[in-house]
Amino acid sequence: MRTWKKVLAFVLALTMVIGIAVPSSFAIGTEKVTTTGTFTTEEVTKTKPDKTTVNIYKVKADSFDGSKVPAEHNLGQLTKDQLAGLGSKVDFLAGVKFTYYTVTKEQFDVLMADPGSYKTAAQVDAKYPGLTKVTTKATDTNGLVSVELAEGYYWFVEDSYTPPKDSTSSISSSIALPFGLSLPYTNPKDITIGNDTYPAGTSYLKTIYIYPKNVVGDEPVVEKDV
């Protein structure tokens, strides 16, 4: 069974930062703020699941609080209040697509060792031509897009952003992109659901929640990834 150490630095928007901070499970070398999400009984299992549901919530803000992002996250669902406390005018972002690659353990280790060099599809394609890749649907009005993935290693990059009609907003920076997943995960921390407690590392997560973030403004894009 995989241990909590398998929960990799780039799993969450709250867990990794490229350029704005050192990549981490939220930030290596800094004191981590803990942000605890919740699970339902249907999202935790003692046996290895055939597939893991990955819920990706795209979060936007005018700016994020550097004292709170990055933060340590348990892969559970966060509330709107928890997200609102991360920065200024925090909301969900519709219209974002992701491309994810199925990779080997060896390829995964290479990508994770230097994520800044593989943050676009073009960069990944140049490094590993011919990889199986899928582009997701666009995030909905709740900022959500979901995929179901079998056991294995995956690399996610942001594919595109289509702003709402008549919107002049643009993405000026991205946080927690790209990110890698090594599935399935066991619970990195103790989980309490009602009267039941699942000690860390003893159960599998059938569903995980990831929160990559964008700073969005009304000015022209200077650089997509900061």
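Pick from segment 48-66 the residues that are open to solvent by 70 Å² or more (accessible area, probe 1.4 Å) and modelled with pLDDT of 95 or more: which of them is nearest to Thr135 (Cα to Cα)?
Taking segment 48-66 first, the residues open to solvent by 70 Å² or more (accessible area, probe 1.4 Å) are 48, 50-51, 62.
Okay, now just the ones that are also modelled with pLDDT of 95 or more, so 48, 50-51.
Values: Lys48: 26, Asp50: 21, Lys51: 18 Å.
The selected residue is Lys51.
Of the residues making up segment 75-97, those that are part of a helix (DSSP H, G or I) and open to solvent by 70 Å² or more (accessible area, probe 1.4 Å) number 2. The sole residue among Val103, Val110, Val145 that is at pLDDT 95 or above and within 21 Å of Lys213 (Cβ to Cβ) is Val145.
Has segment 80-96 got any residue that is hydrophobic (A, V, I, L, M, F, W, C) and under 25 Å from Ser203 (Cβ atoms)? No, the conditions are met nowhere in segment 80-96.
Can you find a residue that is touching a Leu at 6+ places or on another chain (Cβ under 6 Å) and crowded, with 19+ Cβ neighbours inside 10 Å anywhere in segment 128-144?
Yes - at least one qualifying residue is present in segment 128-144.
Being over 14 Å from the mean Cα position of the chain (by Cα), closer than 24 Å to Gln77 by Cβ, at pLDDT below 90 and open to solvent by less than 40 Å² (accessible area, probe 1.4 Å): is that true of Pro188 here? For Pro188, the condition - over 14 Å from the mean Cα position of the chain (by Cα), closer than 24 Å to Gln77 by Cβ, at pLDDT below 90 and open to solvent by less than 40 Å² (accessible area, probe 1.4 Å) - is met.
Within segment 113-166, the set of residues being charged (D, E, K, R) and within 14 Å of Gly95 (Cα to Cα) comprises Lys137, Asp140, Glu158, Asp159, Lys165, Asp166.
Of all residues in segment 192-226, those satisfying the criterion of being aliphatic (A, V, I, L, M), open to solvent by 10 Å² or more (accessible area, probe 1.4 Å) and either at pLDDT 50 or above or touching a helix residue (DSSP H, G or I) at 6+ places or on another chain (Cβ under 8 Å) (or both) are Ile193, Ala200, Val215, Val216.
Of the residues making up segment 98-116, those that are open to solvent by less than 30 Å² (accessible area, probe 1.4 Å) and over 12 Å from Gly180 (Cβ atoms) are Phe98, Thr99. All of (1) more than 16 Å from the chain's Cα centre (by Cα); (2) at pLDDT below 75; (3) among the acidic types (Asp, Glu) hold for Glu43 with one exception: (2).
The values are calculated or read from the model by the stated rules, or taken from the named source; none is laboratory data. None of the values given here were measured: they were computed from a predicted structure. Note that we place each Cβ from the backbone using ideal geometry, even for glycine, and neighbour counts take in every protein chain shown. Just the protein is used for accessible areas: all its heavy atoms, side chains included, with ligands, DNA and RNA removed. Shrake-Rupley method; radii C 1.70, N 1.55, O 1.52, S 1.80 Å.
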